[in-house]
Amino acid sequence: MKPQRKYNKEIVPTARMLRKNMTKEEKRLWYDFLRTYPVKFSRQKVLGKYIADFYCAAANLVIELDGNQHYTEIGSWKDEQRTKFLKDYGIKVIRFKNYEIRECFRRTCEKIEETVNNLVEEKETRHPNSPSVTCGDSSPYTGEPNESAKSNSDQ
């Protein structure tokens, strides 16, 4: 039996704080790619007792950006627990290291787009009567930070 996936009101203030204080890498991914992506993403989304960096309900996808704290023994263990919890609800988790956002941004965005397209297509195949969500052939990725991301990353 799956654990109950409830909306945890106690961590909503923490999620709000994290939205206001995103890392440089989170800002770049959000402002330069996910915010205007054709399939809706949420940032710092409460899912059960966890807060996902980015969540796409249409694809049942969580994107996590991993900084140094994820490479400790306890950080790795916590990541495993979160991934298991989300997987039990049919949510796929993909992880990127912060340096991948800084150094391989285009490739990271392409990987996200490929994953979203595959998951949405798979979901539509399983549930053919659900509303169609497609990403189209073009990506909103431009390769350069937009003005809002530049000004936000300087804070």
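Bear in mind these aren't lab numbers, they're just calculated from the coordinates by the rules spelled out. Keep in mind the model is a prediction, meaning the values are calculated, not measured. A quick note on method: Cβ atoms are made from the backbone with ideal geometry, for glycine too, and the neighbour counts reach across all protein chains shown.
Remark: for residue pairs Lys20/Lys40; Lys97/Lys123; Lys20/Lys87, the C-alpha separation exceeds 21 Å in Lys97/Lys123; Lys20/Lys87. When each of Tyr31, Tyr89 is scored by the number of other beta-carbon atoms lying within 10 Å, the sequence from fewest to most is Tyr89, Tyr31. Counted residue by residue at 0.36 nm each, then reduced by the alpha carbon distance between them, the extension gain from Lys111 to Ala57 reaches 17.7 nm. Taking only the C-alpha atoms of the range 9-129, the Rg (one decimal) and the largest Cα-Cα distance, Dmax (whole number), read 14.3, 44 Å.
Selection among Phe96, Tyr31, Cys109 by position relative to the dipole of the range 9-129 gives Tyr31 as farthest towards the positive end (Cβ unit charges, Cα centre). Here the spin labels are modelled as points 7 Å beyond Cα on the Cα-Cβ line, and at Cys104 and Lys49 they lie 3.3 nm apart.
Distance distribution P(r), the range 9-61, all Cα-Cα pairs, bin width 10 angstrom from 0: 25, 53, 22, 0 percent. From the alpha carbon centroid of the range 8-38 to that of the range 51-122 is 14 Å.
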